[in-house]
């Protein structure tokens, strides 16, 4: 009898700890099909390489997290010369700062949309931004879309200019698949 | 000592040591709690302690126990590949292996220290 109880306890603890250890988290990974476009009078273009993880749970927004990384070298303005110029130290300084990072600190639901508060780190400078997002779900895939403005001068990307506006419109679409 | 009590003891020691290590790392170095929450780490310690103790029950001779211990060491060593190649998209991703690798050895080290002491036969 005592042995049976021992076996039962042993099995229960083993099973419970295994269930906790391998419990799934609503973690998503950014997949192909994303787009990060920037638009202004001049220039416009996009970043082709983005990766990162998204922990998202509608029922638990407090624990939802966005952790994204954009490769500066993947900039595409439609003009090869301009792409190279964008990477020099006056602009993004790709050699020293190869990625643009976004890490969320708070995710809130406002009506049918979300407001993602987080830190954008570009050229070694970190600034807090609130990014609006629309979410759609296709099976196990989530897609976040939205538009916001980034002031490039806050990050010392280029100088004040009459040709290139300080505020760039960012249009993004980020599909992510459950890991 | 019964296998159940031994598994409890191994879990308890591993949980205490890994909690202390986790907290020290979090306070003085880097916080990886987003990637590896403490509750998951502790449940892993309990799971490993109980599963290793359970598997060891199949080793009836000195020779099989030797093979079991060697296998445990090899698996613990090989398992460090996972934190080395893991992409966690954390601000301090480069330091994640330094955080995770010692954790891989906590249960095996305590197992190898305590089991021969408490199960002399």
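No lab work stands behind these numbers, since they all come straight from the coordinates. Since this is a predicted model, take the numbers as computed values, not measurements. Here the Cβ is made from the backbone with ideal geometry for all residues, glycine too, and neighbour counts use every protein chain on show.
In square nanometres and to one decimal, what's the mean projected area of the convex hull around the Cα atoms of region B:3-118?
On the way: hull surface 28.8 nm².
That works out to 7.2 nm², a quarter of the Cα hull's surface.
Mind sorting A:64, A:12 by how few other Cβ atoms lie within 10 Å of their own Cβ, fewest first?
Working: A:64 19, A:12 11.
Fewest-to-most ranking of A:64, A:12: A:12, A:64.
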Quiz item: For the peptides A:55-61, B:58-64, A:120-126, A:99-105, what is the packing order when you average, over each peptide's residues, the other Cβ atoms within 10 Å and list the highest mean first?
Solution: A:99-105, A:120-126, A:55-61, B:58-64
Practice problem: Can you tell me which of A:5-11, A:47-53, B:42-48 comes out highest on packing, and rank the rest after it, using the mean Cβ neighbours within 10 Å? | Solution: B:42-48, A:47-53, A:5-11
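Only Cα pairs under 8 Å and at least 6 apart count here; give the relative contact order of region A:45-122 as a rounded whole percent. Provide the component values of the computation, followed by the final result.
Numbers: 139 pairs, mean separation 21.1, N = 78.
With pairs under 8 Å counted, the relative contact order is 27 percent.
How high is the relative contact order of region B:21-111? Use alpha-carbon pairs under 8 Å, at least six apart in sequence, and give a whole percent.
On the way: 34 pairs, mean separation 30.1, N = 91.
Answer for region B:21-111 is 33 percent.
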Quiz item: Dividing the Cα convex hull volume of region A:116-179 by residue count, how many Å³ per residue is that?
Solution: 95 Å³
Self-check item: Relative contact order [Cα under 8 Å, 6+ residues apart], region A:26-178, whole percent
Solution: 25 percent
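Dividing the convex hull volume of the Cα atoms of the protein assembly as shown by its residue count, what figure in Å³ per residue is obtained?
Cα convex hull per residue, to the nearest whole number: 165 Å³.
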